[in-house]
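The values are calculated or read from the model by the stated rules, or taken from the named source; none is laboratory data. Everything quoted here is computed from the prediction, not taken from an experiment. With ideal geometry, Cβ positions are generated from the backbone for all residues, glycine too; neighbour counts draw on all protein chains shown. Protein only, heavy atoms only, side chains kept; ligands, DNA and RNA dropped before computing areas. Shrake-Rupley method; radii C 1.70, N 1.55, O 1.52, S 1.80 Å.
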Amino acid sequence: VEIVEAHRTDGVVVSSSRIRNLLEGGEVALAAQLLGRPYSVHGVVVKGHGRGKKLGFPTANIDSAAEILPADGVYAGEIILDGNPLPAMINIGSNPTFGNMSRSLEACILDFDENLYGKELEATFLERIRPEIKFRGPEELVAQIKRDQAVIEEYFKDREKNSAD
């Protein structure tokens, strides 16, 4: 038997339970620091309710068998399609504005409009933007999604700028 010291990152012990707790709390950026890479899940694109497209934000509904999904909310992330990372707004939750009960993972890939049904995708979580919110109606939801999209687009601009420096 060989005793191994606990691995630490910035003085914090890295453990699977710590990472799981961070993900369940939506702290995906901190979880990524401890993992050494962003957290991601895989799944197949399935048919959803079609609301995203009607609202002007088509989404890929990803059926993931992941044991752990981050906390409900909106995330800046990437969708890996055929090995290519595409910037995306990712939502996890039950869509309470529409009275859904089941939890889902859906991604709106920025500047992208192709049929992805049946495709295997990887959703990578980079930064939580906000928790899930129940809105009074679709108009209020669309206004918030537009704000979320602006925040996420800025996130990717800053990320690109920082990687170029």
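Each residue of the range 36-43 in order: what ³J(HN,Hα) in whole Hz does its phi give by Karplus 6.51 cos²θ - 1.76 cosθ + 1.60, θ = phi - 60°, with x for Gly and Pro?
x, 6, x, 6, 9, 10, 10, x
Which shape class, rounded, prolate or oblate, goes with the range 58-165 when its Cα gyration tensor gives a ≥ b ≥ c as root eigenvalues, a/c under 1.5 marks rounded, and past that a/b bigger than b/c marks prolate?
The shape class here is oblate.
Counting alpha carbon pairs within less than 8 Å and at least 6 residues apart, what relative contact order, in whole percent, applies to the range 76-165?
Details: 108 pairs, mean separation 28.6, N = 90.
Worked out over the range 76-165, it gives 32 percent.
Quick one: which of 134/161; 53/119; 54/119; 53/146; 53/134; 54/157 span more than 24 angstrom between C-alpha atoms? Can you show the working numbers first?
Numbers: 134/161 34 Å; 53/119 18 Å; 54/119 22 Å; 53/146 14 Å; 53/134 19 Å; 54/157 27 Å.
Flagged as over cut-off: 134/161; 54/157.
Given a 1.4 Å probe and every protein chain left where it sits, what share in percent of the accessible area of the range 55-104 is carbon and sulfur?
The value for the range 55-104 is 51 percent carbon and sulfur by accessible area.
Connecting C-alpha atoms closer than 10 Å in a GNM of the chain, tell me which of 77, 118, 137 has the biggest fluctuation.
Residue with maximal mean-square fluctuation among 77, 118, 137: 137.
Starting from the range 74-165, pick out the trypsin sites (Lys or Arg not before Pro) whose DSSP state is loop and whose Cβ has at most 15 other Cβ atoms within 10 Å.
103, 119, 134, 136
Taking H as built 1.01 Å from N, whose amide H comes closer than 5 Å to the amide H of residue 86, not counting residues under 5 places away?
79, 80, 81
Shape verdict for the range 109-155, please, from the Cα gyration tensor: rounded (a/c under 1.5), prolate (a/b greater than b/c) or oblate. Numbers along the way, then the final one.
Details: a/c = 1.85, a/b = 1.47, b/c = 1.26.
Prolate, since a/c reaches 1.5 and a/b exceeds b/c.
About its Cα centre, what dipole magnitude does the range 1-143 give when the only charges are +1 on Lys and Arg Cβ and -1 on Asp and Glu Cβ, stated in debye to the nearest 20?
Values: 14 positive and 20 negative charges, 99 e Å.
In total the dipole reaches around 480 debye.
Using θ = phi - 60° and the Karplus relation 6.51 cos²θ - 1.76 cosθ + 1.60, list the HN-Hα couplings for the range 102-117 in order, rounded to whole Hz, with x at every Gly or Pro.
8, 7, 9, 10, 9, 10, 9, 6, 5, 6, 8, 8, 10, 6, 10, 3
Can you pull out the trypsin sites (Lys or Arg not before Pro) in the range 15-60 that DSSP calls coil and that have at most 16 other Cβ atoms within 10 Å?
Those that pass, being in a loop and sparsely packed, are 47.
With a cut-off of at most 14 other beta carbons within 10 Å, and DSSP calling the residue loop, which chymotrypsin sites (Phe, Trp or Tyr not before Pro) in the range 41-122 qualify? Please list them.
117
Express the relative contact order of the chain as a whole percentage, based on alpha carbon pairs under 8 Å and six or more residues apart in sequence. Don't skip to the end; give the middle numbers.
Values: 286 pairs, mean separation 39.5, N = 165.
Relative contact order comes out at 24 percent.
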